[in-house]
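J.: Take a look at the following structure, please.
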Amino acid sequence: MSVETKTLNSLLILMLLLTTSRAEDWPQFLGPKADGIHSSAVPTKWSDENNITWKTLLPGPGSSSPIISSGRIFVASYSGYGLDPSSPGELDDLQRHLNCYNPASGEKLWQQDVQVVLPEDPYTGFLREHGYASSTPVSDGENVFDFLGKSGVHAFSHGGRKLWQTSVGRESGKRRWGSAASPVLFGDKIIVNASEESQSIRALVKKTGKELWKAEGSILELVYTTPRVVTFSNGRSDIVVPAPGEIWGINPDTGKLRWFAETPIPGNVSPSVQVNGDLIYAFGGYPQRFTIALKAGDKGDLTSNIKWTQRRAPYIPTPVLFEGHLYWMDRSGVAYCARESDGELVYQERIRAGRSGIKNYASPVVAGGMIYYSTRNAGTFVIEASPKFRQIDHNVISSDPSDFSATPAFHENQIFLRSGRYLYCISD
């Protein structure tokens with residue numbers, strides 16, 4: 001075998017190893033494919049005494065979910081203001097933090113503190129439900145990007161070096177609910193839903209933070225969803241954004257609207273879409289909530305492509321689509337399963353929690369054929385991902401009374417769960 005052949009084989013093996021390693025990462029909200037599905041089995045049962053490998057104290061609360069990229073965990077938090085509804089403190093003291101941890105030990109590798117750009121929305125109303133660190137970071141394996149609302153989009157190296165900062169607007173929506181959408185990557189671009197800050201969707205150059213385009217519209221006023229970049233069967237990719245009364249398909253290279261469809265979804269729209277091939281599923285609305293199934297098309301008005309509409313949907317979490325069924329849990333602790341083909345409800349079952357008043361922000365995720373429902377105040381429920389309802393486990397960390405608003409992240413056989421106080425690693 002020649003030296004050149006040996007070198008080529010070595011490079012191919014290295015590339016395969018790197019690809020395999022990256023495939024295990026959870027580098028953005030809802031995982032590598034943004035569908036909330038992890039193929040490996042993870043623990044279904046844990047408590048203060050069992051299966052918690054480590055926990056580490058966070059600098060403050062947040063609804064931001066952890067991500068795992070190239071052997072590092074990243075999670076966002078805030079501190080200094082808005083920690084106690086009865087005594088929020090001074091807005092000038094508000095800080096946001098991006099932390100990096102070792103997934104094997106929980107050791108903190110670095111922390112970047114970001115002084116907030118003022119004026120910021122005060123700690124009143126619905127903003128008290130999620131706070132000032134609700135966006136989940138995203139990583140490309142080398143750098144990590146965090147969206148901080150009026151304080152802009154920030155880029156850091158995996159080693160913690162600040163790379164750039166770009167503003168995407170400093171306005172406030174009429175309700176002053178703050179930011180919640182997470183950034184996503186597409187090629188050399190970062191896509192940001194800046195609806196609260198400037199009623200726009202924006203694309204930034206990943207390397208420099210320079211703005212490439214801005215898609216504006218007053219209809220974005222109540223859009224809190226994380227955009228989804230979808231590649232369809234014809235190879236074309238669109239940014240899909242649901243809004244009150246409409247759903248959009250945006251050209252990711254230009255920001256121009258390719259297609260739209262009118263929907264019955266009213267009011268606030270928080271869940272992201274789910275996708276199977278050329279079928280798009282959109283959810284949400286207030287006060288009435290809907291789920292719609294739409295077949296993608298090339299351009300223009302696709303309203304006639306709506307396949308079915310169903311008057312059941314979550315308010316904030318994104319449902320998970322698994323083996324022909326959509327799964328979610330509502331704010332009263334009722335779990336739903338709907339057929340993907342026609343939207344028919346297969347089951348509607350109350351979670352067995354030993355209490356009432358369940359609250360949930362986190363989206364359901366699937367690992368090893370099990371659905372994980374993390375709730376703010378009643379622990380994490382494990383349900384079989386099957387059209388026949390079967391509750392497997394109910395897990396509570398009794399020593400931590402803070403809220404669990406973040407969506408769990410997975411890496412191999414581990415679960416990473418964040419609360420208002422701690423980051424946990426759960427494994428057998």
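No value in this document is a laboratory result; all are computed from the given coordinates. These numbers were taken from a predicted model, which means no experiment stands behind them. Here the Cβ positions follow ideal geometry from the backbone for every residue, glycine too, while neighbour counts run over all protein chains shown.
J.: Going through the stretch 277-306 one residue at a time, which ones are closer than 18 Å to residue 345 by Cβ, surrounded by fewer than 20 Cβ atoms within 10 Å (Cβ to Cβ) and either in contact (Cβ under 8 Å) with a residue 40 or more places away in the chain or in contact with a Ser or Thr (Cβ under 9 Å, 6 or more places away or on another chain) (or both)?
T.: Passing the criteria: only 290.
J.: Do you know which residues across the stretch 162-192 are within 19 Å of the chain's Cα centre (by Cα) and among the aliphatic types (A, V, I, L, M)?
T.: Within the stretch 162-192, 180, 181, 184, 185, 190, 191, 192 qualify.
J.: To continue, here is another question. Where residues in the stretch 64-105 are of a type in the set (A, V, I, L, M) and touching a Lys or Arg at 6+ places or on another chain (Cβ under 8 Å), which of them is surrounded by the most Cβ atoms within 10 Å (Cβ to Cβ)?
T.: Among those that are of a type in the set (A, V, I, L, M) and touching a Lys or Arg at 6+ places or on another chain (Cβ under 8 Å), it is 76.
J.: Of all strands (runs of 3 or more DSSP E) completely enclosed by the stretch 280-377, which ones contain at least 3 residues that are of a type outside the set (Asp, Glu) and touching an Asp or Glu at 6+ places or on another chain (Cβ under 9 Å)?
T.: 306-310, 320-322, 334-339
J.: Tell me which residues, restricted to the stretch 224-234, are assigned to a loop (DSSP other than H, G, I, E, B) and either among the basic types (Lys, Arg) or closer than 26 Å to residue 162 by Cα (or both).
T.: 226, 227
J.: Failed condition for residue 47, given (1) buried (at least 22 other Cβ atoms within 10 Å of the Cβ); (2) at negative phi, with all others met?
T.: Among (1) buried (at least 22 other Cβ atoms within 10 Å of the Cβ); (2) at negative phi, residue 47 violates only (1).
J.: Quick one: which residue in 181, 194 is surrounded by 24 or more Cβ atoms within 10 Å (Cβ to Cβ) and either out of contact with any strand residue (DSSP E or B) (no Cβ under 7 Å at 6 or more places or on another chain) or closer than 18 Å to residue 251 by Cα (or both)?
T.: 194
J.: Moving to a separate point now. Among the residues of the stretch 244-271, what is the count of those that are without any contact (Cβ under 8 Å) to a residue 40 or more places away in the chain and assigned to a strand (DSSP E or B)?
T.: Looking only at that region, the number is 2.
J.: I would also like to ask the following. Only one of 281, 372, 361 is among the hydroxyl-bearing types (Ser, Thr, Tyr) and more than 30 Å from residue 255 (Cα to Cα). Can you tell me which?
T.: 372
J.: Another question about this same structure. Say we look at the stretch 408-428 and pick out the residues that are farther than 17 Å from residue 99 by Cβ and assigned to a loop (DSSP other than H, G, I, E, B); which of these is farthest from the chain's Cα centre (by Cα)?
T.: 428
J.: Here's something else I'd like to know. Scan the stretch 68-103 residue by residue and report those that are in a strand (DSSP E or B), in contact with an Asp or Glu (Cβ under 8 Å, 6 or more places away or on another chain) and farther than 17 Å from residue 153 by Cα.
T.: 68, 69, 101
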